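These notes concern the structure reproduced below.
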Amino acid sequence: MTSQGFQGAFRQSMAWLHTWSGLVLSLLLYFIFITGSFGYFNLEVDHWMEPERPVPSDDRSSAELATVAMAYLQREYPDAARYFVGLPTERQTLLRVFANLKEPGPDGKAFADAYLDPATGNPVTVRDTGGGDALYEMHYSLHYMPYEVAIYVVGVGTLFMLLALVTGIVTHKKIFVDFFTLRFGKGQRSWLDAHNVSSVLALPFMLMITYSGLVFYTFEYSPGVLFLNMGIDEQAQDELYAHIYPGFEDIDAVGESAELLPVANIIERAQQQWPNQPLRYVDLTHPGDKAAHYGVGAITTDLSRGGTPLRFDAVTGAAIPVAATPADAIFSDGILAMHEGRFADIRLRWLYFLSGLLGAAMVATGLVLWAKKRRTQLKKNAPVPRSLVFIERTNLGIIVGLPLGVAAYFWANRLLPLGLENRAEWEMHCLFLVWAASFAHSGARELSRAWREQVALLAALFALVPLLNALTTDTGMLNAVLAGDWVRLVFDLTCLVFGICSALVWRRLPVPVSAPVAGEAPVDQAILARAAGSAGG
Amino acid sequence: MSFALGLGACFVAMVLLALAQKKQAALVLAAPVSRSAQLAARAAAALLIVASLWSGVDGYGAGVGSVLFCAWLCAAAWIVALFLSWRRSRGTR
């Protein structure tokens, strides 16, 4: 075989692998990209979905806030084994307090938590909602699926994604020549351009997010490595985890009471050590005991997931040395930090978020391209294979159905009764019910009509979010501007922009021809043929 | 400041790279770009990309700076691609 022949055959086999590795788990990959993208704004989504939260203010210092929070915890949970105070940050507006109880409380829980208003120190009762975290967690826990199963399903999907990316790079002959090429209004060619541009221009992100996604569950995905090196007994595995995640060495309580240093002193010392880093949390272990100690963590500004915390003796104030993180842990921590983008400021977060949506666009354009290619390969008047009809309809349910579900999730947050039992869970049910309805609708309606109807609904649901918010809460856009609540304002505006973009897409969708005469397939073909020029753009 | 600087450098680099391609340059410029101008544009783009990476690493450290640099490259390339696509849809060939 000549080298050119070999290259051609190799590229062809890679193209086959690219098509099928991308197509088979496309639903899962699209789901992961859409829901995972919300992880970069999980706290902001929380803020919008809990309109009872006060507007952020930075009137009080970290030391004052920590003092107020510790006083609350000592008053409410005097016998707790540990107190934790999450300090307000740019992204998290409330004081979060948490107590590990020595005995389970009346509700059977061994912990208690609450949100405090940073301005008053009073507890804030917020509605029961999944918030941004529920959306974000879905991208690896798949919500209804048992966690242990879900991470393997997601792992297989991620592996397929990595395969699709690598084979896609090999397949793409004109990767540099077509680097900026995005032609609208050219039918199948436009979809190919969109697929190429959405993947190639965000390729570093795609490769990073996929690879780092696999690193998250290294030991779950390759347990043999763990067992062969460390044996199968739990102690050996615990040793490995202790090596990778050193954390604090436990200090036991001695049972003697002692006067503790005020938390404000500790905060002051931490701020001296980290003059440019806002503090994220302070905790107190064994409060009231002679062995009590404080821990302080700052907001990460480097490639790590939490940085190395500081630790102080709560009686003497002496610094307690913290074990250094080993190099391999720093590496894996850095990879995971890149995935989560914890270090990212608001500008980089937007780029992460948009890149995540590009990932979803890459999957979506790939799906449409696959179906369009099969359509054009059909001979004139030939019957359309059922498999192709099925995939075209499923494509609609995937591509438009999931964003519809997300919109329904936001609407449910505002419309479900506040006293509803398991309200947060019902918000999530609404997402999946609407998504399922989208599949049913795309199966029941003539395809081009179904596209128009669902995209119109999507546009309306997102564009009306600001109105819904203004009608059901006092955090509407006008009030948000007056109160300086930029997070809620930007959330509303983002929904509005997304609604307008969906409306623009709707305007370009082909208008279905009326009264099909002889079955559905020829009508669909006619529509697609007519739309060939306009659907791409 | 380094954020805007890095993103700006990437953007100019991407514009230069696009102009160094015949098809893309035809969408923006009236006259075709000569071979030597293409080479100069590519060389300047390479320098700007290095400068952008340096700006990211200098301002944010090696780890975060590298991530930022990749994000700037993607964002800048997207802006240029969308602009060229808009030019094409306006009928410029």
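The numbers here are math on the coordinates, done by the rules we state, and not lab data. Every value quoted in this text rests on a predicted model; they were computed, and no experiment measured them. Because the Cβ atoms are built from the backbone with ideal geometry, glycine has one as well, and the counts that use them run over all protein chains shown.
Dipole magnitude for region A:231-352: computed about the Cα centre from +1 point charges on Lys and Arg Cβ and -1 point charges on Asp and Glu Cβ, it is near 800 debye. Percent of Cα pairs in the protein assembly as shown per distance bin of 20 Å, from zero to the largest separation: 16, 47, 30, 7, 0. Considering only chymotrypsin sites (Phe, Trp or Tyr not before Pro) in DSSP loops that have at most 14 other Cβ atoms within 10 Å, the longest stretch of chain A without any of them is A:249-537. Residue exposure proxy: A:Lys380, A:Lys102, A:Lys372, ordered by other Cβ atoms within 10 angstrom of their Cβ from fewest to most, comes out as A:Lys380, A:Lys102, A:Lys372.
Dipole magnitude for chain A: about 4040 debye, using +1 per Lys or Arg Cβ and -1 per Asp or Glu Cβ, origin at the Cα centre.
Mind giving me the FRET efficiency for A:Lys102 and A:Leu467? R0 is 45 Å, r the Cβ-Cβ distance, nearest 0.05 is fine.
Numbers: r = 49 Å, r/R0 = 1.10.
The formula returns an efficiency of 0.35 here.
Other protein chain C-beta atoms within 10 Å of residue C-beta, averaged over A:201-207: 5.
Note on A:Asn229 and B:Ala62: with the Förster distance fixed at 22 Å, the Cβ-Cβ geometry gives a FRET efficiency of about 0.15.
Based on the Kirkwood radius over alpha-carbon pairs, what value in µm²/s does the Stokes-Einstein equation return for the translational diffusion coefficient of region A:400-457 at 20 °C and 1.002 mPa s?
180
All Cα-Cα distances of region A:116-211, cut into 5 Å bins from zero to the largest, leave 2, 11, 13, 13, 13, 10, 10, 9, 7, 4, 4, 2, 0 percent in each bin in turn. Taking 16 Å as the straight-line reach from the Cα of A:Lys380, the aspartates and glutamates in range (excluding those fewer than 8 positions away in the same chain) are A:Glu520, A:Asp524. Each 5 Å bin from zero holds the following percent of Cα-Cα pairs in region A:67-131: 4, 18, 27, 24, 18, 9, 1. Between A:Leu482 and A:Arg449, the modelled labels are 4.6 nm apart [label points 7 Å from Cα along Cα→Cβ].
R0 = 25 Å: FRET efficiency of A:Arg374 with A:Arg508, Cβ-based, nearest 0.05?
E between A:Arg374 and A:Arg508, to the nearest 0.05, is 0.70.
Note on A:Ser387 and A:Ala440: the model spin-label points, each 7 Å out from Cα along the C-beta direction, lie 2.9 nm apart. Between the alpha-carbon centres of region A:10-74 and region B:10-24 there is a gap of 34 Å.
Working from label points 7 Å from Cα in the Cα-to-Cβ sense, the A:Asp302 to A:Lys109 distance is 3.5 nm.
Under the classification rounded if a/c is under 1.5, otherwise prolate if a/b is larger than b/c and oblate if not, where does chain B fall, given a ≥ b ≥ c as square roots of the Cα gyration tensor eigenvalues? It is oblate, given that a/c is not under 1.5 and a/b is not larger than b/c. At what distance in angstrom do the alpha carbon centres of region A:240-314 and region A:184-233 lie from each other? Cα centroid of region A:240-314 versus Cα centroid of region A:184-233: 36 Å apart. Once C-alpha pairs closer than 8 Å and six or more residues apart are averaged by separation and normalised to the residue number of chain A, the relative contact order reads 18 percent. Need one word for region A:325-423: rounded, prolate or oblate. Basis is the Cα gyration tensor (sqrt eigenvalues a ≥ b ≥ c); a/c below 1.5 gives rounded, then a/b vs b/c decides. Cα axes put region A:325-423 in the oblate bin.
As a footprinting exposure proxy, order A:Leu348, A:Leu228, A:Leu404, A:Leu201 by other Cβ within 10 Å, with the fewest listed first.
Values: A:Leu348 19, A:Leu228 10, A:Leu404 23, A:Leu201 26.
Taking fewest neighbouring Cβ atoms as first place, the list is A:Leu228, A:Leu348, A:Leu404, A:Leu201.
For region A:193-205, backbone phi angles converted through the Karplus equation (6.51, -1.76, 1.60; θ = phi - 60°) give residue-by-residue couplings of 4, 4, 5, 5, 5, 5, 8, 5, 5, 10, 4, x, 5 Hz, Gly and Pro being listed as x. According to the square roots a ≥ b ≥ c of the eigenvalues of the Cα gyration tensor, what is the shape class of region A:1-106, taking rounded for a/c under 1.5, prolate for a/b larger than b/c otherwise, and oblate for the remainder? Here region A:1-106 falls in the prolate category. Once C-alpha pairs closer than 8 Å and six or more residues apart are averaged by separation and normalised to the residue number of region A:115-249, the relative contact order reads 17 percent.
Computed on chain B, with alpha-carbon pairs under 8 angstrom and 6+ residues apart, the relative contact order is 40 percent. Note on region A:201-357: along the principal axes its Cα atoms extend 58, 45, 22 Å, ordered by decreasing extent. Counting only alpha carbon atoms, the long axis of helix A:423-444 and the longest principal axis of chain A meet at about 10°.
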